[in-house]
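Notes to accompany the following structure.
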Amino acid sequence: MFIKLSTMITKLFPEQRLATAIEDNPSLLFMLEYFNISHPIKHKTIANICAESQINPHLMILIGDMYNGETGQPDITHITEEDIPTILSFLKNTHKQYIKEKYPEIETLIGRLKEISNPIEFTQIETFFREYFAEVIEHLDYEDKYAFPYFYEMLSNNRVTNHSFSAAEYKNHHSDIETKLSDLKTLLLQHISMEKGISIRRKILLKLFELQKDLTVHSRIEEQILLPIVERLEYRR
């Protein structure tokens with residue numbers, strides 16, 4: 001008896017048990033955390049959980065499908081400006097997770113690897129990662145200080161105080177903060193010889209793959225769901 005591993009993309013649906021979806025793809029646990037869903041899910045369906053948590057099920061399914069590997073343009077027909085606060089809360093929670101958990105964990109592992117391996121090579125890797133992390137902090141800080149407050153203001157009233165800011169400005173400033181992780185993964189996997197610390201390298205690589213996937217979903221939510229809705233709102237104002 002063995003478990004068959006499927007490489008097919010599994011699309012979520014409202015009547016699906018959420019626990020089953022998580023068993024198929026444990027990375028959906030991040031989605032639950034970002035949605036602030038902490039209560040027991042028991043045998044409840046996605047529709048049940050969304051009703052209890054006051055989340056648009058279409059939104060959860062779109063994001064869940066991204067975590068499941070769906071790469072096509074999402075259909076945001078059923079996503080409205082009323083969903084903007086939920087989307088912003090989700091994204092702000094990802095920021096907290098990256099800053100307080102994901103990046104510090106990777107930095108700690110790189111430090112451990114440097115202690116037992118070639119210190120020169122891994123000092124360079126450590127410097128590269130810290131410089132990259134500084135870029136990420138700048139990106140997230142820009143969103144938290146300028147973009148997200150503007151989106152809330154657009155939603156709450158007809159008068160926007162920051163006339164120099166717009167969804168277009170945000171789009172121009174937006175960068176793919178996940179791209180540089182590929183360079184670090186390639187370096188660790190293909191170009192660094194190791195006699196010690198292979199298990200630590202494996203942990204770093206797994207966390208980098210996990211982080212890159214999460215950052216990709218984060219960027220797609222902003223670019224393919226949030227921005228089109230805000231642009232529609234701007235057009236009406």
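Against the condition surrounded by 11 or more Cβ atoms within 10 Å (Cβ to Cβ) and either farther than 30 Å from Ile84 by Cβ or modelled with pLDDT under 75 (or both), how does His191 come out, does it pass?
On the way: surrounded by 11 or more Cβ atoms within 10 Å (Cβ to Cβ): no; either farther than 30 Å from Ile84 by Cβ or modelled with pLDDT under 75 (or both): yes.
Spelling it out, it is not the case that His191 is surrounded by 11 or more Cβ atoms within 10 Å (Cβ to Cβ) and either farther than 30 Å from Ile84 by Cβ or modelled with pLDDT under 75 (or both).
Select from the range 97-134 the residues that are under 22 Å from Glu222 (Cβ atoms) and surrounded by 13 or more Cβ atoms within 10 Å (Cβ to Cβ) and list them in ascending order. It would help to see each step written out before you state the result.
Step one: filter the range 97-134 for residues under 22 Å from Glu222 (Cβ atoms), giving 97-103, 132-134.
If the condition is that a residue be under 22 Å from Glu222 (Cβ atoms) and surrounded by 13 or more Cβ atoms within 10 Å (Cβ to Cβ), then Gln97, Tyr98, Ile99, Lys102, Tyr103, Tyr132, Phe133 are the ones that fit.
Specify which of the listed residues (Lys213, Lys207, Lys203) is touching a Ser or Thr at 6+ places or on another chain (Cβ under 8 Å), surrounded by 14 or more Cβ atoms within 10 Å (Cβ to Cβ), in a helix (DSSP H, G or I) and at pLDDT 90 or above. Before you say what the answer is, go through the steps one by one.
On the way: Lys207 fails: touching a Ser or Thr at 6+ places or on another chain (Cβ under 8 Å); Lys203 fails: touching a Ser or Thr at 6+ places or on another chain (Cβ under 8 Å).
After applying the criteria, what remains is Lys213.
Assess whether Ile46 counts as being over 20 Å from Ile137 (Cα atoms), modelled with pLDDT under 95 and touching a Leu at 6+ places or on another chain (Cβ under 8 Å). Quick ask: steps written out before the conclusion?
Numbers: over 20 Å from Ile137 (Cα atoms): yes; modelled with pLDDT under 95: no; touching a Leu at 6+ places or on another chain (Cβ under 8 Å): yes.
When the stated conditions are applied, Ile46 does not pass them.
Helices (runs of 4 or more DSSP H) wholly in the range 41-115 with at least 3 residues that are over 21 Å from Leu205 (Cβ atoms) and over 20 Å from the mean Cα position of the chain (by Cα) - which ones?
Numbers: elements: 46-53, 57-67, 84-97.
Those helices (runs of 4 or more DSSP H) span 46-53.
May I ask you to say which residue of Ser182, Ser193 is of a type in the set (Ser, Thr, Tyr), farther than 19 Å from Glu101 by Cα and part of a helix (DSSP H, G or I)? Walk me through it before giving the result.
Numbers: Ser193 fails: part of a helix (DSSP H, G or I).
The conditions single out Ser182.
So the check is Cβ under 8 Å with 6+ separation or different chains; which pairs have a first residue in the range 1-24 that's not assigned by TED's automatic domain parsing to the domain that holds Gly72 and a second one that's at pLDDT 50 or above?
none
For the range 57-79, what are the residues that are hydroxyl-bearing (Ser, Thr, Tyr) and at pLDDT below 95? Even if it seems obvious, please write down each step before you answer.
Start the filter on the range 57-79 by keeping residues that are hydroxyl-bearing (Ser, Thr, Tyr), which leaves 67, 71, 77.
Result: Thr71, single match.
The values are calculated or read from the model by the stated rules, or taken from the named source; none is laboratory data. All of these numbers come straight from a predicted model, not from anything done at the bench. Heads up, the Cβs are rebuilt from the backbone with ideal geometry, glycines too, and the neighbour counts pull from every protein chain shown.
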